[in-house]
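The values are calculated or read from the model by the stated rules, or taken from the named source; none is laboratory data. It should be emphasised that the depicted structure is a prediction, and the values quoted were computed from it without experimental measurement. Note that we place each Cβ from the backbone using ideal geometry, even for glycine, and neighbour counts take in every protein chain shown. What goes into the accessible areas is simple: the full protein's heavy atoms, side chains included, and nothing from ligands, DNA or RNA. Shrake-Rupley method; radii C 1.70, N 1.55, O 1.52, S 1.80 Å.
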Amino acid sequence: MELKINPEEVISIIKRQLREVSDFEIKSYGIVLQIGDNIAKVWGLKDVRYGELVKFPGDVYGLAFDLEEETVGVIMLGEHEHIREGDRVEATGRMLTIPVGKSLLGRVIDPLGNPLDDRGPIEPEEYRPLEALAPGVVDREPVNTPLYTGIKAIDALIPIGRGQRELIIGDRSTGKTAIVIDTIINQKDQGVYCIYVAIGQKASTIAGVIETLKKYGAMDYTVVVAAPSSAPPSMLYLAPYAGCAIGEYFMYRGEDALVIYDDLSKHAKAYREISLLLRRPPGREAYPGDVFYLHSRLLERSAKLNKELGGGSLTALPIIETQLGDVSAYIPTNVISITDGQIYLDTNLFNQGFRPAIDVGLSVSRVGGSAQIKATKQVAGQLRLDLAQFRELAAFVKFASELDPATQLYIIRGQRLMELLKQDQFKPMPIEEQIISIFAGVNGYLDDIPVSKVREFEEKWLSYVKETYPNILSEIREKKHISDELFKLMHKAIREFRKGIFKERDEETIKVIKEAKGPEYLESLDKVDEVEEVS
């Protein structure tokens, strides 16, 4: 008897058996063709996706990074000395994720979420992908809430708002990291969680930053993502995305977070190294053509979400290192065009002793007054004008004796305002104290003080207000604007201070002021009974 096989019956039986096997999964496999320099070339993996995790022998993972017609370029995420040509590679179907949650606060981790401190394993609240879509336009709202750095020059002239992306740019050793460390310290009791991402720095430098944050109690609300210079390029490449994913956890919970990328110059170099090893065509300065997209897709994830999504925010402070002040180089111009302004640190100012060495002429915040309270605007507006006038005349400082008294007066005030903007490291100042300090400068109360005594004047003036007129500080802090009555009280307080406590004067400057404005102007600065605002 001839046995006839019906193909349709066979197919139906196989399909039924496949349905009965609940854990059946079609996997994509490949073969290692070449491996070295933290890069693997794999043949196969036909259905693998960009950014998908692939598994090598020995539970070593890699990231599918370069999808070609026959092969896949994989960047390795672990030790791979034991992997050889011909080893089998398996696609996992999973994208790279990182553990997130408040359990990370106070911890030091690598870009994959593994702890680098000695405090044991991390118990995450959830996992988030390192790569994620940025919030859309309709999901955002305008940036309108200040994020105080505690640095007078920034909070008064280059304000940063929650949800903003403000670039910090300058040459090596000009104080870029110092600014962000002070900013983190100033977030204490401000309800802002901080993520500090160290990219390509020496391990000793990262350890120093961590010790500083511990010393000032800032690690309680900070996560440190460390990818030191000894780490492979893949870790340097992933580090900022890991920090951003941690920040997004807080943002989407309706909270405020600050992420610092220190620095993106080294991040771009790591990406260039990976791309060249993968034989991608080099472009300008040997960077691959998509290096702009590298940073834009990272920084676009910072946002101020609308009320429907919880109103959380993620603020980004990327750092870029320039060479000899060349802001027209490829990576600096890329990041400048992506961000909402830049804080420019000038080497000459740094060498002259101005710390922080912020060039207030070249620095800008495109959010501007929207990220300032009214009280700051009431005093900082005049500060900006006075400094602009001083910058125009700065070249004539050495010839000051030959200028007319009115022009000399601009120089005199500008010199004292520049001195007033100096600030010691690790001493961020509350916004109400900044306002009191700047108030003294823009209203002429420092004009006849020797430049060398301006910092001393400021310190004693702030102490006097705290002890004698604490209601001035509390009213600014609570009401966030200065009423006419409060302005009069501030004038009264500083005149009392000048007359009774701080009596040092610069005789040469007094002569210039008398010529420019008359002797009655100087007398009015010390008349306690006349409390109208001085122009």
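Name every residue in the range 104-116 that is open to solvent by 40 Å² or more (accessible area, probe 1.4 Å) and either over 23 Å from the mean Cα position of the chain (by Cα) or of a type outside the set (A, V, I, L, M, F, W, C) (or both), in order of residue number.
ASN114, PRO115
Answer yes if at least one residue in the range 178-194 is assigned to a strand (DSSP E or B), of a type in the set (Val, Ile, Thr) and surrounded by 24 or more Cβ atoms within 10 Å (Cβ to Cβ), and no otherwise. Walk me through it before giving the result.
At the first step, the residues of the range 178-194 found to be assigned to a strand (DSSP E or B) are 192-194.
Filter once more, keeping what is of a type in the set (Val, Ile, Thr): 192.
Filter once more, keeping what is surrounded by 24 or more Cβ atoms within 10 Å (Cβ to Cβ): none.
Checking the range 178-194: not a single residue is assigned to a strand (DSSP E or B), of a type in the set (Val, Ile, Thr) and surrounded by 24 or more Cβ atoms within 10 Å (Cβ to Cβ).
Taking the range 87-103, which residues are of a type in the set (Val, Ile, Thr) and either under 24 Å from VAL209 (Cβ atoms) or open to solvent by 20 Å² or more (accessible area, probe 1.4 Å) (or both)?
At the first step, the residues of the range 87-103 found to be of a type in the set (Val, Ile, Thr) are 89, 92, 97-98, 100.
Scanning the range 87-103 gives THR92, THR97, ILE98, VAL100.
Here's a check for you: in the range 331-363, which residue that is within 24 Å of ARG284 (Cβ to Cβ) and in a loop (DSSP other than H, G, I, E, B) is modelled with the highest pLDDT? So that I can check it myself, show each step before the final result.
Initially, the range 331-363 is screened for residues within 24 Å of ARG284 (Cβ to Cβ), giving 331-339, 342, 344, 362.
Filter again for in a loop (DSSP other than H, G, I, E, B), leaving 339, 362.
Values: THR339: 97, LEU362: 91.
The residue in question is THR339.
If SER328 satisfies every condition in (1) at pLDDT 95 or above; (2) among the hydroxyl-bearing types (Ser, Thr, Tyr); (3) open to solvent by 10 Å² or more (accessible area, probe 1.4 Å) but one, which is the exception?
(1)
Does the range 407-415 contain any residue that is at pLDDT 90 or above, surrounded by 15 or more Cβ atoms within 10 Å (Cβ to Cβ), in contact with a Ser or Thr (Cβ under 9 Å, 6 or more places away or on another chain) and not in a helix (DSSP H, G or I)?
Scanning the range 407-415, I find no residue that is at pLDDT 90 or above, surrounded by 15 or more Cβ atoms within 10 Å (Cβ to Cβ), in contact with a Ser or Thr (Cβ under 9 Å, 6 or more places away or on another chain) and not in a helix (DSSP H, G or I), so the answer is no.
In the range 364-382, what residues are part of a helix (DSSP H, G or I) and either surrounded by fewer than 22 Cβ atoms within 10 Å (Cβ to Cβ) or among the aliphatic types (A, V, I, L, M) (or both)?
Our first condition is that a residue be part of a helix (DSSP H, G or I); within the range 364-382, this holds for 368-371, 374-382.
Passing the criteria: GLY368, GLY369, SER370, ALA371, LYS374, ALA375, LYS377, GLN378, VAL379, ALA380, GLY381, GLN382.
Yes or no, residue by residue, for (1) modelled with pLDDT under 95; (2) closer than 30 Å to GLU419 by Cα; (3) not hydroxyl-bearing (Ser, Thr, Tyr):
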position: ILE122; (1), (2), (3): yes, no, yes
position: GLU125; (1), (2), (3): yes, no, yes
position: VAL138; (1), (2), (3): no, no, yes
position: ALA153; (1), (2), (3): no, yes, yes
position: GLU166; (1), (2), (3): no, yes, yes
position: SER173; (1), (2), (3): yes, yes, no
position: ILE181; (1), (2), (3): no, yes, yes
position: ILE184; (1), (2), (3): no, yes, yes
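Residues of the range 230-266 being under 23 Å from PRO332 (Cα atoms), in a loop (DSSP other than H, G, I, E, B) and at pLDDT 95 or above, which ones? Even if it seems obvious, please write down each step before you answer.
Of the residues in the range 230-266, the ones under 23 Å from PRO332 (Cα atoms) are 233-244, 258-266.
Those still in the list that are in a loop (DSSP other than H, G, I, E, B) too: 263.
Of everything in the range 230-266, nothing turns out to be under 23 Å from PRO332 (Cα atoms), in a loop (DSSP other than H, G, I, E, B) and at pLDDT 95 or above.
Which ones in the range 117-156 are more than 18 Å from LEU258 (Cα to Cα) and surrounded by 22 or more Cβ atoms within 10 Å (Cβ to Cβ)?
LYS152, ALA153, ALA156, listed by residue number.
Any idea which residue in the range 290-303 is farthest from VAL74 (Cα to Cα), counting only those that are touching a residue at least 12 places away in the same chain (Cβ under 8 Å) and in a helix (DSSP H, G or I)? Please lay out each step first, then the result.
If we filter the range 290-303 for residues that are touching a residue at least 12 places away in the same chain (Cβ under 8 Å), which is where we start, we get 291-292, 294-303.
Now restrict to residues that are in a helix (DSSP H, G or I): 291-292, 294-299.
On the way: VAL291: 18, PHE292: 21, LEU294: 17, HIS295: 21, SER296: 23, ARG297: 21, LEU298: 21, LEU299: 25 Å.
Among residues in the range 290-303 that are touching a residue at least 12 places away in the same chain (Cβ under 8 Å) and in a helix (DSSP H, G or I), the one farthest from VAL74 (Cα to Cα) is LEU299.
Of the residues that make up the range 209-224, is at least one open to solvent by less than 30 Å² (accessible area, probe 1.4 Å), at pLDDT 95 or above and within 20 Å of GLU79 (Cβ to Cβ)?
For the range 209-224, residues open to solvent by less than 30 Å² (accessible area, probe 1.4 Å), at pLDDT 95 or above and within 20 Å of GLU79 (Cβ to Cβ): absent.
Is it true that TYR287 is surrounded by 20 or more Cβ atoms within 10 Å (Cβ to Cβ), among the aromatic types (Phe, Trp, Tyr) and either free of Cβ contacts under 8 Å to residues at least 60 places away in the same chain or within 17 Å of GLY161 (Cα to Cα) (or both)?
Values: surrounded by 20 or more Cβ atoms within 10 Å (Cβ to Cβ): yes; among the aromatic types (Phe, Trp, Tyr): yes; either free of Cβ contacts under 8 Å to residues at least 60 places away in the same chain or within 17 Å of GLY161 (Cα to Cα) (or both): yes.
Taking the combined requirement at face value, the residue satisfies it.
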